[in-house]
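Novice: Here it is: the structure, laid out below.
Every read-out reported here was derived from the displayed coordinates using simple, explicitly stated rules and does not represent laboratory data. Computed from a prediction, not measured in an experiment: that's the story for all the values here.
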Amino acid sequence: MQETPLGKDNLPSKAQVYLIATHGLLTGDAAQKIENSLLDEVVVTNTVPHELQKMQCHKIRTVDISLLLSEAIRRIHNGESMSYLFMNVSKND
């Protein structure tokens, strides 16, 4: 994670800062850096395990994408449209 010269004091007073990443490869002291950063929340998928880092940093949130991936694999295997997934997956899935 690269440091940015932009600090929270340069943002509007009610601004929140989020980092969203597909794979939570939180190696080394990443959890500590996130905890001490200006980030309000880091959202990662459950494509790699990172439970230890979540215990070290309350700002990390995991989104389960297992059902989405299994449906994508099924559709590809059966020659079905993938566009359904982009139009019909709810925000809670």
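Novice: Taking the condition of being in a helix (DSSP H, G or I), farther than 29 Å from residue 85 by Cα and among the aliphatic types (A, V, I, L, M), how many residues in the stretch 9-68 meet it? Don't jump to the end; show me each part of the working.
Specialist: To start, the set of residues in the stretch 9-68 that are in a helix (DSSP H, G or I) comprises 9-10, 30-35, 51-56, 66-68.
Pick out the ones that are also farther than 29 Å from residue 85 by Cα and you get 9-10, 30-35, 52-53, 55-56.
If we keep only those that are among the aliphatic types (A, V, I, L, M) as well, we get 30-31, 34, 52, 55.
Selection size over the stretch 9-68: 5.
Novice: Got a number for residues in the stretch 33-86 being under 16 Å from residue 23 (Cα atoms) and acidic (Asp, Glu)?
Specialist: Total satisfying the criteria: 3.
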